[in-house]
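Chemist: Below is one structure. I have some questions about it.
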Amino acid sequence: MLQIRTSPYSQLYSHYLKTEFHAVEPLIKSLVKEPFCREYYLKYPLEGLLKGICKKLLMNVYELVLYGYFLSQVEWKLDHYIYSNLAEVFPNIIHVNEPTDANIIKQLSMFLYFSSYAVKEFLNEDIQLIKDEMIKLFP
């Protein structure tokens, strides 16, 4: 019998989808309907972006709750020059079916990925596997 070796991250990802994501998903649905998300939720696939980010970063319920609080407290300034400059080199990792402005989706994705990563790192001592995945995603 052929055995396929999977990476430690792939094993954690598979375990996460089976055991934790079912608890995170309803929180994402609630989070995107909050007033601070409403503008982006109505225009862009915010729920899908957050689901993808939570899966990629293996975010648990506690991390998502703190991340939601963080999002409620900061100003979502997507037109900041840093995002505009990075949009040119940011990979096209988000595939959206709805017609939207690709640059705004990239800027929103960058804001969500980088801020969620900051929360993940703040709450955890060892996230080397997550760091390695982020480096693959954003070289």
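Chemist: Among the residues of segment 1-16, which ones are in contact with a helix residue (DSSP H, G or I) (Cβ under 7 Å, 6 or more places away or on another chain) and surrounded by fewer than 16 Cβ atoms within 10 Å (Cβ to Cβ)?
Modeler: Residues satisfying the conditions are Pro8, Leu12.
Chemist: Show me the helices (runs of 4 or more DSSP H) found entirely inside segment 60-139 where at least 1 residues are at pLDDT 75 or above and closer than 26 Å to Tyr16 by Cα.
Modeler: 61-73, 102-123, 128-137
The values are calculated or read from the model by the stated rules, or taken from the named source; none is laboratory data. If you're wondering where the values come from, they're calculated on a predicted model, not measured in any experiment. Here the Cβ is made from the backbone with ideal geometry for all residues, glycine too, and neighbour counts use every protein chain on show.
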